[in-house]
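First the structure, in the form of structure tokens, and then the observations on it.
All of the numbers you see were taken from the coordinates with simple rules; none came from a lab. On a predicted model such as this, the values are computed, not experimentally measured, just so you know. We place every Cβ from the backbone using ideal geometry, glycine too, and count neighbours over all the protein chains shown.
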Amino acid sequence: MSSIEETKAEIKKLSAKAMNMKMNLHDLSEELPVNWNSILTVAQETHDAYAALEAARKKLKELEAV
């Protein structure tokens, strides 16, 4: 499998994870004030998931430009 194909597969996985984290954050917000103490953890995990997705998309652009 080429590096581009591997990166596309990674993006697909990261996108699914990011969407799942987005829904977790959304669900948490609807349940407030229940579980308010988990806001920072869920928000950080969501942030990390989207940061990883953005980095993978950037990597793909760089690979495609070569």
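Here are a few things to note about the model shown:
- Residues that are of a type in the set (A, V, I, L, M) and touching a residue at least 24 places away in the same chain (Cβ under 8 Å) within the stretch 17-66 comprise ALA18, MET21, ALA49, ALA52, LEU53, ALA56, LEU60, LEU63, listed in sequence order.
- Scope the stretch 1-40; condition closer than 18 Å to ALA55 by Cα, in contact with a Leu (Cβ under 7 Å, 6 or more places away or on another chain) and surrounded by 12 or more Cβ atoms within 10 Å (Cβ to Cβ); matching residues: ILE4, THR7, LYS8, ILE11, LEU14, SER15, ALA18
- When residues in the stretch 45-63 are screened for being among the basic types (Lys, Arg) and crowded, with 17+ Cβ neighbours inside 10 Å, 0 of them pass.
- Residue identified as assigned to a helix (DSSP H, G or I), out of contact with any helix residue (DSSP H, G or I) (no Cβ under 7 Å at 6 or more places or on another chain) and over 28 Å from SER2 (Cβ atoms) among SER29, SER38: SER29
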